[in-house]
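Reading through the structure tokens given below for one structure.
Laboratory data are not the source of any read-out in this text; all were calculated from the coordinates shown. Nothing here was measured: the structure is a model prediction, and the numbers come from that model. Cβ sites come from the backbone with ideal geometry, for glycine too, and all protein chains shown count toward neighbours.
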Amino acid sequence: MTLLEILGGAFVDVVGSLLAAFLLCYLGWNAFKLVHHPEIGVPFLLCLGWISLPHHLTASTFVQMVVVYTGVGALILWPVGRKWYRDHSS
């Protein structure tokens with residue numbers, strides 16, 4: 001039973017952190033899309049992750065994975081935000 005608990009906990013950590021990172025990227029995108037600059041959401045999310053790394057929040061594996069997944073998602077969204085701005089700036 002202990003092995004199943006460990007596997008279940010790891011699964012919940014991975015899926016939960018992916019969901020949390022998706023929500024952070026989505027909220028960052030939409031918050032800065034309101035001012036017609038969604039590409040600014042990417043540096044904001046990266047700075048948020050960079051600020052939270054050296055503090056006590058990194059004691060949690062879940063938070064570490066959220067920061068990493070949010071960074072990857074933010075880097076993926078950066079060119080998409082720049083393209084969106086070019087298409088909607090006129």
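If R0 equals 35 Å, the separation of the Cβ atoms of HIS37 and VAL12 corresponds to a calculated FRET efficiency of about 0.50.
Only the Cβ atoms of Lys and Arg (+1) and of Asp and Glu (-1) were treated as charged; on that basis the dipole of the chain about its Cα centre amounts to roughly 360 debye.
Report the normalised scattering of the chain as log10 I(q)/I(0) at q = 0.12, 0.18, 0.23 Å⁻¹, calculated by the Debye formula with identical scatterers on the alpha carbons. Debye output, listed in q order: -0.43, -0.77, -1.05. How far apart, in nm, are the 7 Å Cα→Cβ label points at THR61 and LEU4? Taking the two extended label points, one gets 1.9 nm. Computed from label points 7 Å out along Cα-Cβ, the spacing between CYS47 and SER89 is 2.0 nm.
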